[in-house]
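Chemist: Just passing along the structure, written as structure tokens.
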Amino acid sequence: MKYLVFETKKEASKEAYKILKSLIDENSTLGLATGSTPTDLYEEMIKDHKEGNFSYKNIKSYNLDEYVGISYDHPESYHKFMDVNLFDHIDIDKNNTHIPDASAENLDQALENYQNELNNTIIDVQILGLGGNGHIGFNEPGTPFNSGVHVIDLKEETIKANSRFFNNDVNLVPKQAVTMGINDIMKAKHIILLAFGKEKQTAIKNLIDSDIVDESIPCTVLKKHPSVYVLVDKEADFRN
Ligand code: GLP
């Protein structure tokens, strides 16, 4: 595992993009994340694309997760987030982008479909954010390390943390989400995890500065992966 600390989110994201670009080519498959963490990385991707240096025409992507119970038109749907923050600004073919369909009438079928798609794919690089409680994707503490695509009940602390996107009203935050499982995430060839802000410090300490590998802290599973890059700002650095 490589651990890199930067002054700012912007600097970390620039380096994350350099690492990403060194690991992929224009035919690669990406695992993508949402939330506040990857936005500057996506800006770097867009900038480089607009400068003519990288085409996404043949790139495929798979997103980690989606809230249950909000439609595409909701500003906080992760599907919408991806269009607004990345897909609408690059030449990716949206038929090659995949996001769990968490508002499907038949949710079980939608889970099965996404699992089948993931089983038939090799993700070259998975981008990850990190929950304050150590969650990756929406795999909350206690999720089995061998889990596949599933519906998760969001923990109270996650609902509270994410209420900042929902008018600071916990009642407006969906209580469930569909997420890739930990086993799906671990199958990626390379993983780039980003974490910014002091809320992430404890999870980073458990990941970088402990021997813990336990389902109660989902990110600790990454210690078993052969190629992980962890980039943080100084607030998230465990030594601070
Ligand atoms: C959210 C997302 C995760 C994300 C994490 C951190 O709930 N489901 O994929 O990595 O929690 O969120 P943020 O980047 O907004 O801090």
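The values are calculated or read from the model by the stated rules, or taken from the named source; none is laboratory data. Because the structure is a prediction, the values reported are computed rather than measured. Cβ sites come from the backbone with ideal geometry, for glycine too, and all protein chains shown count toward neighbours. Protein only, heavy atoms only, side chains kept; ligands, DNA and RNA dropped before computing areas. Shrake-Rupley method; radii C 1.70, N 1.55, O 1.52, S 1.80 Å.
Chemist: Can you pull out the strands (runs of 3 or more DSSP E) entirely within the range 21-106 that have at least 1 residues that are modelled with pLDDT of 95 or more and of a type in the set (A, V, I, L, M)?
Modeler: Counting at least 1 such residues, we get 29-32.
Chemist: State which residue is most open to solvent (accessible area, probe 1.4 Å) when the search covers only the range 179-217 and only residues that are within 16 Å of residue 1 (Cα to Cα) and part of a helix (DSSP H, G or I).
Modeler: 205
Chemist: Anything in the range 143-159 that is closer than 21 Å to residue 37 by Cβ and either open to solvent by 50 Å² or more (accessible area, probe 1.4 Å) or more than 15 Å from the ligand (Cβ to nearest atom) (or both)? List them, or say none. Even if it seems obvious, please write down each step before you answer.
Modeler: Of the residues in the range 143-159, the ones closer than 21 Å to residue 37 by Cβ are 143, 152, 154-159.
155, 156, 157, listed by residue number.
Chemist: Mind checking which pairs have a first residue in the range 74-100 that is of a type in the set (Asp, Glu) and a second that is in a loop (DSSP other than H, G, I, E, B), Cβ under 7 Å, 6 or more apart or different chains?
Modeler: Within 7 Å, the pairs are 76/70; 76/166; 91/55; 91/56; 91/57; 93/57.
Chemist: Quick one: is residue 173 over 16 Å from the mean Cα position of the chain (by Cα) and open to solvent by less than 50 Å² (accessible area, probe 1.4 Å)?
Modeler: On the way: over 16 Å from the mean Cα position of the chain (by Cα): yes; open to solvent by less than 50 Å² (accessible area, probe 1.4 Å): yes.
Judged against the criteria, residue 173 is a match.
Chemist: Let me spell it out: the conditions are (1) under 18 Å from residue 158 (Cα atoms); (2) touching a His at 6+ places or on another chain (Cβ under 6 Å), and residue 204 meets all of them except one. Which number is the exception?
Modeler: (2)
Chemist: May I ask you to list the residues in the range 138-176 that are small (Gly, Ala, Ser) and more than 21 Å from residue 220 (Cβ to Cβ)?
Modeler: Result: 163, single match.
Chemist: Looking only at the range 1-44, count every residue that is hydrophobic (A, V, I, L, M, F, W, C) and more than 26 Å from residue 182 (Cα to Cα) and tell me the total.
Modeler: Residues meeting the conditions: 1.
Chemist: Pull up the range 123-142, narrow it to residues that are more than 11 Å from the chain's Cα centre (by Cα), open to solvent by 10 Å² or more (accessible area, probe 1.4 Å) and within 22 Å of residue 201 (Cα to Cα), then point me to the one that is farthest from the ligand (Cβ to nearest atom).
Modeler: Restricting to residues being more than 11 Å from the chain's Cα centre (by Cα), open to solvent by 10 Å² or more (accessible area, probe 1.4 Å) and within 22 Å of residue 201 (Cα to Cα), the top hit is 142.
Chemist: If you don't mind, another one. Taking the range 39-54 as the search range and keeping residues that are open to solvent by 70 Å² or more (accessible area, probe 1.4 Å) and over 18 Å from the mean Cα position of the chain (by Cα), which one is nearest to the ligand (Cβ to nearest atom)?
Modeler: Only one residue fits best here, namely 47.
Chemist: While we're on this one: Return the pairs, sorted by first residue and then second, in which the second residue is in a strand (DSSP E or B) and within 10 Å of the ligand (Cβ to nearest atom), the first residue lies in the range 24-35 and is polar (S, T, N, Q), the beta carbons are less than 9 Å apart, and the residues are 6+ apart or on different chains.
Modeler: Every condition considered, the pairs that remain are 34/63; 34/65; 34/66.
Chemist: Which condition does residue 104 not pass, out of (1) without any contact (Cβ under 8 Å) to a residue 24 or more places away in the chain; (2) open to solvent by 40 Å² or more (accessible area, probe 1.4 Å), if it passes all the others?
Modeler: (2)
Chemist: Right, another one. Give the range 144-178 a look and list any residue that's in a loop (DSSP other than H, G, I, E, B) and of a type in the set (Asp, Glu), or say none.
Modeler: Result: 169, single match.
Chemist: Restricting to the range 17-38, and then to whatever is within 13 Å of the ligand (Cβ to nearest atom) and under 26 Å from residue 122 (Cβ atoms), can you tell me which residue is surrounded by the fewest Cβ atoms within 10 Å (Cβ to Cβ)?
Modeler: Applying the filter and picking the extreme gives 35.
Chemist: Can you name every residue in the range 149-168 that is under 15 Å from the mean Cα position of the chain (by Cα) and either over 19 Å from residue 69 (Cβ atoms) or β-branched (Val, Ile, Thr) (or both)?
Modeler: Matches in the range 149-168: 149, 158.
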